[in-house]
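Take a look at the structure set out below.
The values are calculated or read from the model by the stated rules, or taken from the named source; none is laboratory data. Just so you know, these numbers come straight off a predicted model, no measurement behind them. For neighbour counting, all protein chains shown are included, and Cβ atoms are generated from backbone atoms with ideal geometry for every residue, glycine included.
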Amino acid sequence: MKSYDVAIIGSGPGGYVAAIRCAQLGMKTAIIEKYSTLGGTCLNVGCIPSKALLSSSHHYEEATKHFEDHGIEIPGEIKVNLEKMIGRKQAVVDQTTGGIDFLMKKNNIDVFEGLGSFIDATHIKIEGKDAQEIEAKKIIIATGSKPSNLPFITLDKERVITSTEALKLKEIPKHLIIIGGGVIGLELGQVYRRLGAEVTVIEYMDRILPTMDAGLSKELNKVFKKAKCKMMLSHKVQSVERNGEEVVVKAENKKGEVVEFKGDYCLVSVGRKPYTAGLNLEAAGVKMNDRGQIDVNDHLQTSASNIYAIGDVIKGAMLAHKAEEEGTFVAETLAGQKPHIDYNLIPGVVYTWPEVAAVGQTEEELKAADVAYKVGQFPFRALGRARASGDIDGFVKILADKTTDEVLGVHMIGARCADLIAEAVTAMEFRASAEDISRMSHAHPTFAEAVKEAALAATDDRALHV
């Protein structure tokens, strides 16, 4: 029987990063993955493939709607080759997952393909291609999550689909009905709207992106409406039925009326849930809570002292970079170091265009906590860089403590916000004030100037270009 210092079950961003860091710190490390490719949901059917399709569809939209504004004339009709687009997406996925294979070999990490389950707290049974039993002093559970569903919906994965199937459709939907106005639904909705599909988003809450700052939700809702997406807010889905190639969705609106929607595809995008099936946690003495998450303490340690859990299987935001931080945290903890994660400073991003990004507390949270705060906001349309590229939608909003001026939250929607949010995270990690950011030199012309201007606006309303 092979023996290891650490064994990790699951090879998503949390699992493979944990494995690399453990190996770097001198531990004999193994990783167990039930699928034939490493990288988990994120690299195979999540973050990476969705961004590839967002990028391709963005190029198509630019060519069909905006090139002419730039003096670029393309003779003939511009067409979408969906098969080729999906093929390119898969090539990106294959290259990325292949990179993880390389990193495992580089760091001398043993990879086992198969379903890992606990025999007891230190022994794992692997069923599948590399069937065997191994033992490990420490074990990290990093098995991630899978799409959630509503109890009355039957997912046939042909017409009534999850995000996994939406990433490999063989045709552009005529009318794509999306249940859920969260990150995944909006990103994939924008992909297919750009390619010509009619898109209807049905959201139970009174706004899309309900966990983000209300200002961001309102602005992105405008963008989707401008793109002629139907945004049906405050609608409670009652049934989803497939009749041949047609899908019929019935929902109750806020007036109590039942409204019917007909399309050829329905994407069910109502969040994700922890995936722990087949782990046999009871044999290892690992306890779960009533939400299906694995219980952990502040050290990410489970009820079995030698077993840890990270990422989507535990509490907190289901984000790849959150799982990565936790993977590193556990590895360094096992090595006797004293790492730290500030969960308030893990940014959230929506990769629509314009992009949406946020870190820290929202206005709603500050009001609920009775915190006195001030607001500085700056529109992208006032930036020279934004006008030069034609990306004028959106704004940057900075929330700062009214007394100390410490930045408490940064919320932005606009071009390149997925990258710009790192500036806010850096500033908040060092407990910067709005004035600190306002006094930093920002290159001109850049989108980042919106951050400086928002900071100026929060500092005695000193924005220069509005």
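Assess whether Lys106 counts as being charged (D, E, K, R), out of contact with any helix residue (DSSP H, G or I) (no Cβ under 6 Å at 6 or more places or on another chain) and free of Cβ contacts under 8 Å to residues at least 12 places away in the same chain.
Answer is yes for this residue.
Filter the stretch 408-465 down to residues that are charged (D, E, K, R) and part of a helix (DSSP H, G or I) and give me whichever is surrounded by the fewest Cβ atoms within 10 Å (Cβ to Cβ).
The residue in question is Glu429.
Given the structure, is Asp393 surrounded by fewer than 21 Cβ atoms within 10 Å (Cβ to Cβ), of a type in the set (Asp, Glu) and part of a loop (DSSP other than H, G, I, E, B)? Spell out how you get there, then give the answer.
Working: surrounded by fewer than 21 Cβ atoms within 10 Å (Cβ to Cβ): yes; of a type in the set (Asp, Glu): yes; part of a loop (DSSP other than H, G, I, E, B): yes.
Considered against the rule, which asks whether it is surrounded by fewer than 21 Cβ atoms within 10 Å (Cβ to Cβ), of a type in the set (Asp, Glu) and part of a loop (DSSP other than H, G, I, E, B), Asp393 comes out as yes.
So which of Leu169, Leu176 ends up being crowded, with 22+ Cβ neighbours inside 10 Å and assigned by TED's automatic domain parsing to the domain that holds Cys266?
Selected residue: Leu176, the only one of Leu169, Leu176 that is crowded, with 22+ Cβ neighbours inside 10 Å and assigned by TED's automatic domain parsing to the domain that holds Cys266.
If you check every pair at least six apart or on different chains, which have Cβ atoms under 7 Å apart with a residue in the stretch 84-102 that is under 16 Å from His59 (Cα atoms) first and a residue that is of a type in the set (S, T, N, Q) and in a helix (DSSP H, G or I) second?
Short answer, once both residue conditions are applied: Met85/Ser56; Arg88/Ser56.
Is it fair to say His66 is more than 20 Å from Thr352 (Cα to Cα) and either touching a Gly at 6+ places or on another chain (Cβ under 9 Å) or in contact (Cβ under 8 Å) with a residue 40 or more places away in the chain (or both)?
So His66 fails the test.
Looking at Glu326, Glu332, which is the one that is at negative phi, touching a strand residue (DSSP E or B) at 6+ places or on another chain (Cβ under 9 Å), modelled with pLDDT of 95 or more and outside the structural domain of Gly182 (by TED's automatic domain parsing)?
Glu326
Out of Val183, Val223, Val248, I need the residue that is more than 27 Å from Ala320 (Cβ to Cβ) and either under 24 Å from the mean Cα position of the chain (by Cα) or not hydroxyl-bearing (Ser, Thr, Tyr) (or both). Which one?
Val248 is the lone residue from the list that is more than 27 Å from Ala320 (Cβ to Cβ) and either under 24 Å from the mean Cα position of the chain (by Cα) or not hydroxyl-bearing (Ser, Thr, Tyr) (or both).
Just to be sure before I move on: is Phe378 surrounded by 16 or more Cβ atoms within 10 Å (Cβ to Cβ), assigned to a strand (DSSP E or B) and either of a type outside the set (Gly, Ala, Ser) or in contact (Cβ under 8 Å) with a residue 60 or more places away in the chain (or both) in the structure I sent?
Judged against the criteria, Phe378 is a match.
Could you pull out every one of the helices (runs of 4 or more DSSP H) wholly within the stretch 8-110 that has 3 or more residues that are assigned by TED's automatic domain parsing to the domain that holds Ala309, farther than 28 Å from Arg194 by Cβ and aliphatic (A, V, I, L, M)?
Ranges flagged: 13-24, 82-106.
Take the residues of the stretch 241-282 that are assigned to a loop (DSSP other than H, G, I, E, B) and touching a His at 6+ places or on another chain (Cβ under 7 Å): which is farthest from Leu186 (Cα to Cα)?
Filtering the stretch 241-282 for residues that are assigned to a loop (DSSP other than H, G, I, E, B) and touching a His at 6+ places or on another chain (Cβ under 7 Å), the one farthest from Leu186 (Cα to Cα) comes out as Asn253.
Restricting the search to the stretch 125-168, which residues are among the acidic types (Asp, Glu), in contact with a strand residue (DSSP E or B) (Cβ under 7 Å, 6 or more places away or on another chain) and assigned to a loop (DSSP other than H, G, I, E, B)?
Asp130, Asp156
For the stretch 186-212, which positions are more than 16 Å from the chain's Cα centre (by Cα) and either outside any loop (DSSP other than H, G, I, E, B) or acidic (Asp, Glu) (or both)?
Tyr192, Arg193, Arg194, Glu198, Val199, Thr200, Val201, Ile202, Glu203, Asp206
Scan (1) closer than 22 Å to Ala214 by Cα; (2) in a helix (DSSP H, G or I) for the single condition Leu399 breaks and write down its number.
Just one mismatch for Leu399, condition (2).
Could you check how many residues of the stretch 283-312 are free of Cβ contacts under 8 Å to residues at least 40 places away in the same chain and either assigned to a helix (DSSP H, G or I) or more than 19 Å from His123 (Cα to Cα) (or both)?
So the count comes out to 12.
Quick check on Ser36: is it surrounded by fewer than 18 Cβ atoms within 10 Å (Cβ to Cβ) and under 30 Å from His123 (Cα atoms)?
Yes; evaluated as a whole, the condition is true for this residue.
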